[in-house]
Every structure is written in C-alpha cells, then in structure tokens.
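The values are calculated or read from the model by the stated rules, or taken from the named source; none is laboratory data. These numbers come from a predicted model, not from an experiment. Cβ coordinates were reconstructed from backbone atoms using ideal geometry, including for glycine residues, and neighbour counts include every protein chain displayed. SASA here: full protein model, heavy atoms, side chains in, ligands and nucleic acids out. Shrake-Rupley method; radii C 1.70, N 1.55, O 1.52, S 1.80 Å.
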Amino acid sequence: MRRSCTTRILLLVCALASIARAETGYDAWLRYEPIQAASVRALYDRLPATIVALDNSAVLSAAETEMLRGIRGMLGRTLRVAATVPSEDSIVLGTIASIQRVFPKLAERRGLTPDGFWLDSTALDGHNVLIVAGLNDRGVLYGVFALLRKLSLHERIDELDETESPIAPIRWVNEWDNLDGSIERGYAGRSIFFENNHVVPDLSRAGDYARLLASIGIDGCTVNNVNANPRILAADFLPQLARIADAFRPWGVRLSISVDFASPKTVGGLDTFDPLNARVANWWREKADEIYRAIPDFGGFVLKADSEGRVGPSVYGRTHADAADVLAQALRPHGGILIYRGFVYNHHMDWRDLKNDRARAAYDNFHSLDGKFDENAAVQIKYGPIDFQAREPVSPLFGALEHTNETIELQITQEYTGQQRHLCYLVPMWKEVLDFNLRVNDGDTPVKDIVAGRTFHRPLGGFVGVANVGRDPSWLGNELAMANLYGFGRLAWNPDLTARQITEEWTRSTFGNDANVVDTVMNLQLESWRAYEGYTGPLGLGTLTDILHSHYGPGIESAERNGWGQWIRADHEGIGMDRTVATGTGYIGQYPPQVAAMYESLATCPDNLLLFMHHVPYTHLLHSGKTVIQYVYDSHYEAAEEAQQFPEWWKTLRGRVDDQRYRDILAMLEYQAGHAIVWRDAICSWFLRVSGIPDAKGRAGHFPNRIEAESMQLNGYTVENVTPWEDASGGKAIECREPSKSCSAQFIFDGAPGWYDLDVQYFDVNTGAAEFKVYVGHQQVDYWTADAQLPATAPNGDSSTRRRISGLALRPKDEIRIEGIPNSGDTAAVDYVETVLRKAQ
Ligand code: GCV
C-alpha cells in the first residue's frame, strides 16, 4: 500500500519542524541549510518539481521524504508527490528493475553491487528526468543522500550519469550501550536505546540516528555492549528489540546484538554452553529462529569471548572457530552474520618476562584457525595490536587470514584520544591504517582491500566503527567530533576518498560554505590528531594515559608492572618494547617478510613507531637527527603550543557560525588548550626525572611566571601529594578538606605593570561542584563553579583544568587571592597560578 498523502504531509511537517530547531548539533551534517547565493540557486533552476517513488517499501518512502526535506530546506521548494510517473519533468526513485520497467528505453546499467546506486539526469519521452536508482531499496536511499550531498556542496546536478557501489557489504557501527542505560566508553550521555534494563519507550532518537547512519552508507548497528548482558536474549526482551529494529528499518539499518557466550546456560537453562554440544547448537538455532520471527531483517550477533573476563570456548577446551561457527550456523538459514572479535588477550601476563607481549595475542590466537570459520562469520580485528591508541602499527592479523572473512574495528568514540573533550579527528589516522600495504605474499595488499574481501576473494568483509553516541543533543557530546562518525561511514563506503575530501564534505554540510569557515574548520580537524599524538604519546609509545582507570589524562607508569601488557619498558637508560625477532618478543615476525624487515631494522623502522618496535637509549638518534629524549620534549612543547592556537583560530569565526555552536566549540577548544599543557608538563617532567637528561632548550622543569599553590600563603588549605606525581606541578596541590569552610590562598604579584592573563590551574572532580572566587586586592575579578563532568574523583591529570582570566591590569605588590569553597568531596583543589604578560603598560 502506498502511504496516504496525510501521512506524507505529516512526515514533512515533522521534518521541517526539525529544520527550524536551534543549532545544537542534532542535525549534524544533514542541516540542509538554505542556499542563498543566486548563482548557486540558479544551478538548480531546472530541478523537476514533481517526484515519484516507484515502490512503496518503508525504505523508498524514507528516501522520498528525505528528498522532500532536503529540497525544502536548501531550495525552499516543496516537491509535488505523484503516484505515477507524470507527463512532465520529474525526479524518479526506484530500484533499477522497477525503473527499467517504467522506462524500457533507458540504457541498462550494469556493475552495481548491492546497496549501490545510479544517478542519471536524462531526457525521456520528451521530459527531463532525474533518476535515482539503486540495485536494491537501500541503494535508492543512498542515492538520495548522495544527491542531496551534491546540493549541500553546491555542485551541479544537471548532467549526472554516475554510479557508486560500496567497497564492502559490512558497514556497521557497534554501540557499547548497557541495558541499564550507561555506555561503556561513552562520552555523550546515556543510551538512546536502553534504560533500567528495558528498551526506552521513545525511540525517535534511534530512528534519527539510523537516518544519520544511512546518510553515510552504514547498513548495520549493534546496539548493546560487547561485554554483553545475557538478558539481551531473554524472551521478554525480544519484542523490545524488535521495536528498535522497527525504528531502524526505514533507513535500511539492520539491527544486530552482542551476545554472551554462556547464554545457553544462563538464559536457556542448559547445564553447558560447550559449542560442540548438540543441545547447545540446538539452543542457538532455536534462539535465532525466534529472533528472526520477530525481526525478519535481523543482522546477526557480535561475540566477545575469552577476553577481559568474558567466558569463551576455552572453558571447554574448544577453539574460537568452534565458538563462532555454532552461532554462525544458527544464523545462516536466515542470512545473518556472526562477527567474532579478535580482541583476545591474556590480561594477567607476567610483566617480568621480557618475551611476553600482548601485541602478539590476536595473531597467536587466530592465525592457526584460518579457514575454520564459516562463510557467514567474520573475525573483527582492531586496527592495531593493542587497543585504539593514538598511534599503533596495523595489526599483523589482517595479513594472516587468507581463508577467513575479516572486518576492521575502528573507534569513533575517543576512548584513548581525548574522549570528545579534545578535538582529535581520526580520519587521517584511519587513512594511514587502511592504505598501509602489508605486502602479503609480496603483493600489493593494502589493509582496505584485505578487509573488504578483495585481496583473498572473500564473500564477506568490511568496516565496524565503535560509535557510542548518547543522549547529548550533539550525539557525541561535541559537534566537531561528529566528523569522526561521518568520516568512518564515508571510508567504509569508499576508503579511497582522501582525508581532505571527506573533511571538506563534512565541513560544508555541517557549517555551510563560507570559505573562511571551511578553511578554518578543515585546518582544525586535519591538524588535530597529530597535535594530540604530539602532546600525549610520542614515537609509538601509545597514549601515555592512565590505562587502569579513566584512559583520559596522563598516567605514564600505570602501563608498567601489571598484567595488562601495555608496557613501555622505561628505565633510567632507555625506553620502548623490544619486539624484534632477533632479541625481543618476536612480534615483528608476525608481519609478512617485507614489512617485518622494515620494522626489524633500526635503520628502516619509522620514527613514529620506533618505541613500539624497539628498546633504545634516550640518546638514540632518530632519522630526524634528534635524540629520543629531545624529540619527546620538542613534540610536547610544539604540539601543546599548537593546541593553544586552536581556540584562537576558532575565534576568527565569530559571527560566521551560529552562536550556540560557536560558544560550545570555543569552550571545548579552550579546555583542550589548558589540558594540553597538563599533558605536556606531566610527560616532560616524568621523562626529565627518569632519564636525568635536561631539555636542550631549557623548557622542561622550568616554569617562569608560575606560582605553585603550595608556596602561597594558605588559610584553611592544606598541601597534599598528587598521584601520580607528574600530574601536578611540583607533585603537589592544595586542598580545602574542611567541608564546612571556605579556604584561601594568596600571593603578592611581583611582575611589571601591564595587562595579564591569569591562569588558575585547579582540579575539577566529579563528586561535587566546588566554587572559586579570585580577587586582586579587594576586587573580585572572577567566579566559577567546578562542575564539569570529568572522569575523576581526586586531583590528578584527569581533573586538572585551566581557568583563564584574561585582560587583568596587574601592578607590582598586588595581592592575588583565590578563595575555594568545597562541595561534596570536591575540595576546591588548586595546583598553581601563572601570570602571562600580554601587554606592558
Ligand atoms: C567493551 C578496551 C576498552 C573496554 C572494551 C574493550 C573491548 O579494553 O577499554 O572498555 O570493552 O576494549 O574492545 O572489548
């Protein structure tokens, strides 16, 4: 049945209402901003006024509604919806088969693969016809989004004749949402799917999310945490999951779920979950049948087993392939897919054994099972052998499975890359990973071709991004971070797109076509990953963060002397993991010979992975001619300095970007600039102490214009040690530990008269919201509440935050006083104050 006109009008009204919404970031890159310039509008003068969809599926209806919405938004025109092809110019949406039925004279289009589309502006039966055809319904929808993208980029559409097909069938996102509504490694509020162990009643956000996903070609979404709650498979939960699938369906997004391997026992009541037991196999089969009765287009299961405390086949002495296949066989009759995570390692490894190496784990666990996984199963491999660090080499496992389907796992949620409080645009990194040539069998074998199934002619393969969007209006908690979601989708569709192309598309659709805005935003995005890497973890050490808890601020030694295996093996003489075949863990030998030879030799190992592959003295000379230690100092000072420029670049866009997004992004970039200094100082101080080698440029350990809080005159505040020591200047902070009192710290300014910025470095813990007041003499010059939601309950590198009070006229002998009012465990802690002269007077 075709939808009634009333329903269509209602849909359009809803769509328009959302266009009128304030700019919170909710519309992301689908803003459909009105095109004002007459010269650009003229490009679309001949756009037909009538649209017809040749089929009436939910996906085709969504495609048609989207077309109406986009044209209304950008051109201010409401297309006429026709039920059959009219005898006038028209836009025609349909599958290739249905289009050819209507226009038999149309030349045949070959070569599309599923989900591919064809855009054609042509003359037929005396009329101009704009055809949006897909090999399947989803392809039509993708074609509509591609067409609307052209309009938002102000491209011509009057001479179109182009086809596009995705490189791979699996283009999924994983959401690590827990059924209680929390999200593991989610930084944008609570789940849009779950609350209190139920699916939320209002799934309109799930539908809106699916629309965003569809617009970038994502065809599947796994809605729950890979650390799966068995309840996801409970019979009473299934109808709830079916509601999410209903919300996704118009957008061609298939629902999938993560499952717990012990479910036959915990949910099914069996006495075993041995994958080779016939009753267990039967249980999975019946469960799959039950799911497909409720959700006919169900995508499949994701399984994390024998990893980080999850049970797996090892309980019964079975292999990962045994585990994958029992689930895959249950899904196969329905066309479902089983994705088995390759992230399997022992997190209780003996750190004293220099031959132990977590990086070896994925390859060691899986390569001997090559060829044993079913055709509808795929092994999902994180891009690097450790865990989403700011830099890692590509996992050698990609090249080691010639007879097994693979997917690559990328992380959109910025677990180790600043948690969306830092701008860290990952598309340039993903491009390096996807373009990396593993030289399997001495051939030309870039990672993108391997995972797409092209290299080894696999039936399945693709791309999975861990997204973790939340209820924050801007989905990821930061409008700029949405470029990572966009970029992931675009690369999963076509990994040959350049980082610049993707960034430009995203920027223009998200912020409009003002050349200043486009240049500035693109520069910010494209510089950000290298800056983040530069002030967090150099030379392949990974993000030198607190790996045991927050994964956020600096915490260098948390990596050492424990079973987690993210060791950097630093001592007073040198640093780095020796992963060579000759003297180290042998990890390098897991790569095909040409790549292994490059990494094995110090002469050819790239500087940016040196300390991942080799243990060297701090005085080792890099290819750049610098010593390792000097590189560490320089990169941290240079990258932190670059981060200081980010808010300054952004400020040039005042008045060119809507107020709300302007303010939100400025606040975030200012925070990042301050936190980059925390990183710089922690890492440089630590390396200075451990190596004993000074910074040749005299910066590390010297902080002119800095007054340590512990050296101020204190009233009520007490001096406390901070852990780890490098996270606070001088290793100490002052805290106001008497909850009922306010405390103060003061000092006498002894600089020259002038205009100053006063930077107060304080700690913003999330147990409460302390208040701060700053006085110069008797005059209060600032007040703020420390209520940011940072991942910290104590003063440390996670909570350390800069408050900049700009434009203060200071005079010698001015008394500067900070008053801290503690609140609910937040002790109004202060690290230091810096006075930065901006202009002498
Ligand atoms: C969902 C890392 C993360 C975990 C995550 C795990 C995984 O260890 O810190 O939160 O668990 O990877 O990918 O399974």
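Tabulated data for the structure shown
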| quantity | calculated |
| --- | --- |
| Amide proton proximity set for Thr50, modelled H, under 5 Å, gap of 5+ | Arg80, Ile91 |
| Residues of type lysines that Lys651 reaches as a straight line, Cα spacing below 24 Å, ignoring anything fewer than 8 places off in the same chain | Lys839 |
| Accessible surface of Thr604 - all protein chains present, 1.4 Å probe, nearest 10 Å² | 70 Å² |
| Highest to lowest packing among 753-759, 671-677, scored as the average C-beta count within 10 Å | 671-677, 753-759 |
| Theoretical gain in end-to-end length, Asn356 to Tyr316 [0.36 nm per residue, Cα-Cα removed] | 11.9 nm |
| Surface per residue (accessible, 1.4 Å probe) for the chain, Å² | 36 Å² |
| Extension gain (nm, one decimal) between Ala82 and Ala696, 0.36 nm per residue minus Cα-Cα | 213.6 nm |
| Amide H contacts of Gln420 (H built 1.01 Å from N, under 5 Å, at least 5 apart or other chain) | Gln414 |
| Cα gyration tensor shape for segment 561-603, rounded if a/c is under 1.5, else prolate or oblate | oblate |
| Length-normalised contact order of segment 600-753 in % [C-alpha pairs under 8 Å, at least 6 apart] | 16 percent |
| Local net charge near Asp353, Cβ-Cβ under 13 Å (Lys/Arg +1, Asp/Glu -1) | +3 |
| Relative packing of peptides 31-44, 726-739, 827-840 - highest average C-beta neighbours within 10 Å first | 726-739, 827-840, 31-44 |
| Solvent-accessible area, 1.4 Å probe, carbon plus sulfur percent, for segment 306-453 | 45 percent |
| Qualifying lysines (Cα of each under 16 Å from Cα of Lys732; at least 8 residues distant if same chain) | none |
| Relative contact order (%) - segment 104-180, alpha-carbon pairs under 8 angstrom, separation at least six | 34 percent |
| Calculated FRET efficiency for the pair Arg811/Ala235, C-beta based, R₀ 56 Å, to 0.05 | 0.15 |
| Antiparallel DSSP beta bridges within the chain, percent to nearest 5 | 60 percent |
| Charge tally in the Cβ shell below 13 Å around Gln501, where Lys, Arg are +1 and Asp, Glu are -1, Gln501 excluded | +1 |
| Residues with amide H under 5 Å from that of Thr545, placed H, sequence gap 5 or more | Gly555 |
| Accessible area in the full protein assembly, largest first, 1.4 Å probe, for Glu504, Glu710 | Glu504, Glu710 |
| Using θ = phi - 60° and Karplus 6.51 cos²θ - 1.76 cosθ + 1.60, couplings along segment 303-317 (whole Hz; Gly, Pro as x) | 10, 9, 9, 6, 9, 6, x, 6, 6, x, x, 4, 4, 10, x |
| Estimated [θ] at 222 nm from DSSP helical runs (n ≥ 4, -39500 (n - 2.57)) normalised by residues in the chain, nearest 500 | -9500 deg cm²/dmol |
| Around His127: net Lys/Arg minus Asp/Glu count, Cβ-Cβ under 9 Å | -3 |
| Prolate/oblate/rounded label for segment 692-841 (Cα gyration tensor, a/c 1.5) | oblate |
| Rounded to 5, percent antiparallel among DSSP beta bridges of segment 48-158 | 40 percent |
| Selected from Ser98, Trp784, Phe373, residue furthest toward positive end of dipole (the chain; charges at beta carbon) | Ser98 |
| Global geometry of segment 331-470, whether rounded, prolate or oblate, following the gyration tensor of its Cα atoms and the 1.5 cut on a/c | rounded |
| Rel. contact order, % - alpha carbon contacts under 8 angstrom, at least six apart, segment 239-372 | 23 percent |
| 0 to 90° range, to nearest 10: angle between helix 204-215 axis and the chain longest Cα axis | 80 degrees |
| Potential lengthening between Arg101 and Leu548 on full extension [0.36 nm per residue; Cα-Cα distance subtracted] | 154.8 nm |
